[in-house]
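Here it is: the structure, laid out below.
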Ligand SMILES: *Cc1c(COP(=O)(O)O)cnc(C)c1O
């Protein structure tokens with residue numbers, strides 16, 4: 001049996017209605033900041049429960065522009081997790097600031113206890129990541145942020161629809177970034193990103209920054225950037241946003257089946273604790289496994305496209321050399337990097353494929 005990681009072909013096998021709307025775009029030629037963008041922004045804000053959503057070019061730009069709007073720049077530091085996708089740190093360096101990495105907990109998310117010791121006089125923001133779709137521990141992070149007067153920007157790129165209690169991620173910080181990249185849970189046909197905020201001032205600033213700082217055709221309010229969500233991608237997004245609940249529910253269902261199938265391998269396999277007050281949306285189904293590299297080879301040999309997200313923590317990447325970190329700085333993230341493995345969990349898996357993954361992991365440990 002084959003269990004592919006990508007599901008894009010199945011997902012877009014029947015796209016007549018999307019293509020019809022794209023044809024309509026060729027008639028309106030409303031290619032930049034067209035009506036579909038405003039419509040998508042409104043739906044997205046409603047979905048997240050924020051006053052505003054601003055469509056931008058990528059998830060990376062969403063975080064970068066959010067930091068710029070908060071005035072983060074050269075000489076500043078932004079605290080983030082050592083184990084995230086590189087784009088989180090890339091957004092910080094694009095703003096001219098320095099990523100200040102901290103260690104993570106058993107949930108693969110920023111360890112709240114590690115945040116305060118990392119604050120220096122140069123710290124300008126805290127950027128927790130809702131990694132894999134699991135909400136970060138926002139209550140203690142917000143407590144430190146408030147006490148120290150620092151804004152929180154959420155990297156929600158992997159976590160659309162995730163909740164803590166009855167609140168969606170993206171509503172905890174002053175602003176948050178989402179990605180619409182093809183591999184994310186709400187995906188378009190190329191790149192796209194969204195920033196959410198309930199601050200009218202930030203919304204205004206972000207709308208300027210994403211479009212050259214133009215107040216109108218002839219007046220430039222600030223020097224900005226060119227990072228708009230394409231109308232074409234907004235058209236795709238307007239179709240896909242209706243499916244977010246179904247996509248999320250299918251991923252959660254698959255994850256539950258994997259959780260229960262692997263539960264009695266405890267000791268060899270460590271699945272993060274599932275807190276019933278939180279909704280993990282399973283962008284990734286990630287766990288720690290003994291003998292990880294051999295397990296990975298075993299699964300790949302059986303046709304299962306398991307992956308490692310990621311084998312090298314950010315502070316040990318060549319790109320981080322000038323930041324002065326060394327091996328041993330973040331022991332939890334470093335240990336996890338040698339033990340984590342990701343199984344496909346997407347909405348197009350069949351029950352048979354999920355059972356086959358469970359059986360394949362069990363066979364590896366049980367012989
Ligand atoms: C995907 C991702 C991003 C960046 O999104 P792009 O749309 O690819 O630029 C940022 N942070 C995390 C955690 C991501 O997974």
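Under the condition of being within 16 Å of the ligand (Cβ to nearest atom) and part of a loop (DSSP other than H, G, I, E, B), which residue from segment 198-238 is surrounded by the fewest Cβ atoms within 10 Å (Cβ to Cβ)?
For segment 198-238, the residue satisfying everything is 225.
Here's something else I'd like to know. With respect to residue 257, determine if the residue is in contact (Cβ under 8 Å) with a residue 24 or more places away in the chain and part of a helix (DSSP H, G or I). Walk me through how you get there before you give the answer.
On the way: in contact (Cβ under 8 Å) with a residue 24 or more places away in the chain: yes; part of a helix (DSSP H, G or I): yes.
Against the criterion (in contact (Cβ under 8 Å) with a residue 24 or more places away in the chain and part of a helix (DSSP H, G or I)), residue 257 qualifies.
Pairs needed: first member in segment 83-106, without any contact (Cβ under 8 Å) to a residue 40 or more places away in the chain and outside the structural domain of residue 318 (by TED's automatic domain parsing); second member anywhere, within 11 Å of the ligand (Cβ to nearest atom) and part of a strand (DSSP E or B); C-beta distance under 8 Å; at least 6 residues apart or different chains.
92/80; 92/127; 100/80
Among the residues that make up segment 109-118, is at least one of them within 16 Å of the ligand (Cβ to nearest atom), in a helix (DSSP H, G or I) and surrounded by fewer than 23 Cβ atoms within 10 Å (Cβ to Cβ)? Explain how you work it out, then say what you get.
Taking segment 109-118 first, the residues within 16 Å of the ligand (Cβ to nearest atom) are 109-110.
Filter again for in a helix (DSSP H, G or I), leaving none.
No - not one qualifying residue is present in segment 109-118.
Moving on. Among the residues of segment 131-158, which ones are within 16 Å of the ligand (Cβ to nearest atom), under 20 Å from residue 206 (Cβ atoms) and not in a strand (DSSP E or B)?
156, 157
Can I ask one more? Here are some conditions: (1) away from the ligand (no atom under 16 Å from the Cβ); (2) not in a helix (DSSP H, G or I). Residue 9 meets all but one. Which one does it not meet?
Result: residue 9 passes all but (2).
Moving on. Do you know which residues across segment 162-197 are part of a loop (DSSP other than H, G, I, E, B), surrounded by 24 or more Cβ atoms within 10 Å (Cβ to Cβ) and more than 10 Å from the ligand (Cβ to nearest atom)?
Once the filter is applied, which keeps residues that are part of a loop (DSSP other than H, G, I, E, B), surrounded by 24 or more Cβ atoms within 10 Å (Cβ to Cβ) and more than 10 Å from the ligand (Cβ to nearest atom), segment 162-197 yields 162, 169, 170, 173, 185.
Okay, next question. All but one of (1) within 20 Å of residue 125 (Cα to Cα); (2) within 16 Å of the ligand (Cβ to nearest atom); (3) touching a helix residue (DSSP H, G or I) at 6+ places or on another chain (Cβ under 7 Å) hold for residue 62; which doesn't?
(3)
What's the number of the condition residue 241 fails, among (1) part of a helix (DSSP H, G or I); (2) crowded, with 17+ Cβ neighbours inside 10 Å; (3) over 18 Å from the mean Cα position of the chain (by Cα)?
Among (1) part of a helix (DSSP H, G or I); (2) crowded, with 17+ Cβ neighbours inside 10 Å; (3) over 18 Å from the mean Cα position of the chain (by Cα), the lone unmet condition for residue 241 is (3).
Among the listed residues 45, 91, 53, identify the single one that is at pLDDT 95 or above, within 16 Å of the ligand (Cβ to nearest atom), within 22 Å of residue 168 (Cα to Cα) and not in a loop (DSSP other than H, G, I, E, B). Please lay out each step first, then the result.
Details: 45 fails: within 16 Å of the ligand (Cβ to nearest atom); 91 fails: within 22 Å of residue 168 (Cα to Cα).
The unique qualifying residue is 53.
Please go through segment 149-180 and pick out each residue that is without any contact (Cβ under 8 Å) to a residue 40 or more places away in the chain and in contact with a helix residue (DSSP H, G or I) (Cβ under 7 Å, 6 or more places away or on another chain).
Correct list: 152, 172.
Here's another thing I want to ask about it. Just to verify a result, which residue in segment 98-108, among those that are within 16 Å of the ligand (Cβ to nearest atom) and part of a loop (DSSP other than H, G, I, E, B), is surrounded by the fewest Cβ atoms within 10 Å (Cβ to Cβ)? Break it down into steps so the answer makes sense when it comes.
So in segment 98-108, the residues within 16 Å of the ligand (Cβ to nearest atom) come out as 99, 101-102, 104, 107-108.
Those still in the list that are part of a loop (DSSP other than H, G, I, E, B) too: 107-108.
On the way: 107: 19, 108: 24.
Restricting to residues being within 16 Å of the ligand (Cβ to nearest atom) and part of a loop (DSSP other than H, G, I, E, B), the top hit is 107.
The values are calculated or read from the model by the stated rules, or taken from the named source; none is laboratory data. For clarity, every value in this text was computed on a predicted model and none was experimentally measured. For neighbour counting, all protein chains shown are included, and Cβ atoms are generated from backbone atoms with ideal geometry for every residue, glycine included.
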